[in-house]
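In what follows, a single structure is set out as structure tokens and then discussed.
Bear in mind these aren't lab numbers, they're just calculated from the coordinates by the rules spelled out. Quick caveat, the model's predicted, so the values are computed rather than measured. No Cβ is skipped: glycine too gets one built from the backbone with ideal geometry, and neighbour counts run over all protein chains shown.
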Amino acid sequence: MVPMQSRKEKSGYWLMLSRGEEVKSAISAWAKKKSIKGAQVWGIGAITGVELAYYGPRAKKWKTRRFAGKSYELLSCIGNINEEGLHAHVSMSDSSFKVHGGHLISAKISVFGEFFVLPTSALKKKLAPALGLNGISLEK
């Protein structure tokens, strides 16, 4: 496996993840190494061993689902890097073009992953008590 490669651009970084790399941990570790504490992230590629989640706001509970044994086209990965690492939501399709999506818990690259990271000021998380979720805090 070729480890993740990155290239600095004027406004951010291109990342190329290789087969077998875990998306959240690889991007989070890279951001920590680069001292990036806030960023917007976009990506496409192909993933496998996927676990997604959906938050039910009324029940205030997470529902998770695993998608194992297949490679999925990563149609869109969008999220941010904050003090906790990568927070992302994904849309993916299977070989019959059925689309699944949700909050990314984990996924490994099955072919490759192309991501762009646009650094911002540091992002911190804060509990929104009414929802029972942490969201980014815009306080300085």
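The length gained on full extension between residue 65 and residue 25, counted as 0.36 nm times the residue separation minus their Cα-Cα distance, comes to 12.5 nm. GNM remark for the chain: springs join alpha carbons under 10 Å apart, and the peak mean-square fluctuation among 31, 122, 88 falls on 122. Diffusion coefficient (Stokes-Einstein, Kirkwood radius over C-alpha pairs, 25 °C, 0.890 mPa s) for the chain: 157 µm²/s, rounded to a whole number.
Straight Cα distances below 29 angstrom link residue 10 to the lysines 24, 32, 33, 34, 37, 108, 124, 125, 140, with same-chain residues fewer than 8 positions distant left out.
Once backbone amide H atoms are built at 1.01 Å from N, residue 75 has 91, 92, 93 as its partners under 5 Å, excluding neighbours fewer than 5 places away on the same chain. Residue separation of residue 130 and residue 8 scaled by 0.36 nm, minus their Cα-Cα distance, works out to 39.9 nm of gained length. A dipole drawn for the stretch 5-132 from +1 and -1 charges on Cβ atoms has a positive end, and of 6, 128, 16 the residue lying farthest that way is 128.
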